[in-house]
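Report on the following structure.
The values are calculated or read from the model by the stated rules, or taken from the named source; none is laboratory data. The structure displayed is predicted, hence computed values, not measured ones. Glycine also receives a Cβ, built like all others from the backbone with ideal geometry; neighbour counts cover every protein chain displayed.
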Amino acid sequence: MLHAIRQYSLERGSLEIEYLEQYFDEFQEKKTAREILQRLSARQHLILIALAPALDEPEHMVPVAFKVGHELRALEDEPQLMDLAQRLEGCVQLAGRRVFYSWIGGTRQEWRGRGHYRALTEQQEEWAHRNGFEEIVVKTKNKFHAMRATLDHLQFNVLKFERHPYDNAESKLYLHKLLSPELLREHRTARHVQIAA
Ligand SMILES: CC(C)(COP(=O)(O)OP(=O)(O)OC[C@H]1O[C@@H](n2cnc3c(N)ncnc32)[C@H](O)[C@@H]1OP(=O)(O)O)[C@@H](O)C(=O)NCCC(=O)NCCS
């Protein structure tokens with residue numbers, strides 16, 4: 001299967017992600033385009049969306065999965081990212097290195113299990129490596145079992161477990177992967193990437 005992927009510019013991509021997030025029951029607090037713009041505008045980022053035939057009209061391609069990430073620096077000024085950088089202290093070396101944070105992503109329910117997330121992940125890895133990043137970091141929660149299983153299949157390693165004081169389902173996991181030419185050679189998906197304005 002050839003995966004159709006679009007790489008979006010910041011303005012249009014933020015709107016597309018806001019729209020796509022509406023399809024996810026798992027996301028309690030859905031990201032707004034404004035929030036996405038604010039996070040991504042000051043740092044190098046990548047907005048990817050996978051397209052697939054609509055279920056009722058297969059001649060129409062619709063957005064079915066997404067993945068958004070950005071660089072993570074040692075000296076961040078946004079409070080959430082300052083907090084993240086602090087939590088990663090001792091696990092990830094940010095100073096003097098290019099580290100990419102895989103921020104948000106998912107596949108719409110009806111299109112799950114068809115390799116869309118693997119394709120987006122491999123594309124993100126390829127892009128990040130090409131752009132000089134050495135490591136990808138991702139965060140999830142204990143309660144996101146499908147995401148945990150997927151990250152396991154995608155060979156992310158656990159960096160840190162942060163126990164929630166009273167609800168273990170809310171405990172956080174930080175995972176990572178080192179980028180290398182060998183890793184890219186292990187990629188399994190065929191992808192066609194279109195740059196969208
Ligand atoms: C997790 C999620 C992104 C997977 O998307 P997907 O497009 O179905 O994933 P893929 O089909 O690309 O699968 C990638 C790999 O993960 C595995 N996988 C996917 N879902 C799985 C599940 N529920 N249980 C076990 N393995 C799973 C696949 O078998 C595949 O492995 P393989 O390539 O080695 O065969 C999707 O289920 C989702 O969006 N869930 C909600 C998002 C979410 O929980 N977000 C939490 C915030 S972090």
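Of everything in region 129-153 that's part of a helix (DSSP H, G or I) and among the hydrophobic types (A, V, I, L, M, F, W, C), which residue is farthest from the ligand (Cβ to nearest atom)? This residue is Leu151.
Residues in region 31-61 that are surrounded by fewer than 14 Cβ atoms within 10 Å (Cβ to Cβ) and touching a Pro at 6+ places or on another chain (Cβ under 9 Å): Glu59, His60.
What's the total number of residues in region 138-166 that are more than 21 Å from Leu88 (Cβ to Cβ) and surrounded by fewer than 12 Cβ atoms within 10 Å (Cβ to Cβ)? Counting residues in region 138-166 that are more than 21 Å from Leu88 (Cβ to Cβ) and surrounded by fewer than 12 Cβ atoms within 10 Å (Cβ to Cβ) gives 4. Taking region 74-128 as the range and being in a helix (DSSP H, G or I), surrounded by fewer than 16 Cβ atoms within 10 Å (Cβ to Cβ) and more than 16 Å from the ligand (Cβ to nearest atom) as the test, the residues that pass are Pro79, Met82, Asp83, Gln86.
Per the listing Ala54, Ala33, Ala42, the residue uniquely at pLDDT below 95 and away from the ligand (no atom under 16 Å from the Cβ) is Ala42.
What pairs come up if the first residue lies in region 143-170 and is within 17 Å of Ala119 (Cβ to Cβ), the second is more than 8 Å from the ligand (Cβ to nearest atom) and outside any helix (DSSP H, G or I), and their beta carbons are under 6 Å apart, counting only those six or more places apart or on different chains? Pairs found: Leu151/Leu175; Phe156/Leu175; Phe156/Lys177.
When you scan region 167-192, how many residues do you find that are farther than 22 Å from Leu88 by Cα and part of a loop (DSSP other than H, G, I, E, B)?
Within region 167-192, the subset farther than 22 Å from Leu88 by Cα is 181-192.
Narrowing the set further to residues that are part of a loop (DSSP other than H, G, I, E, B) leaves 186-189.
Number of matching residues: 4.
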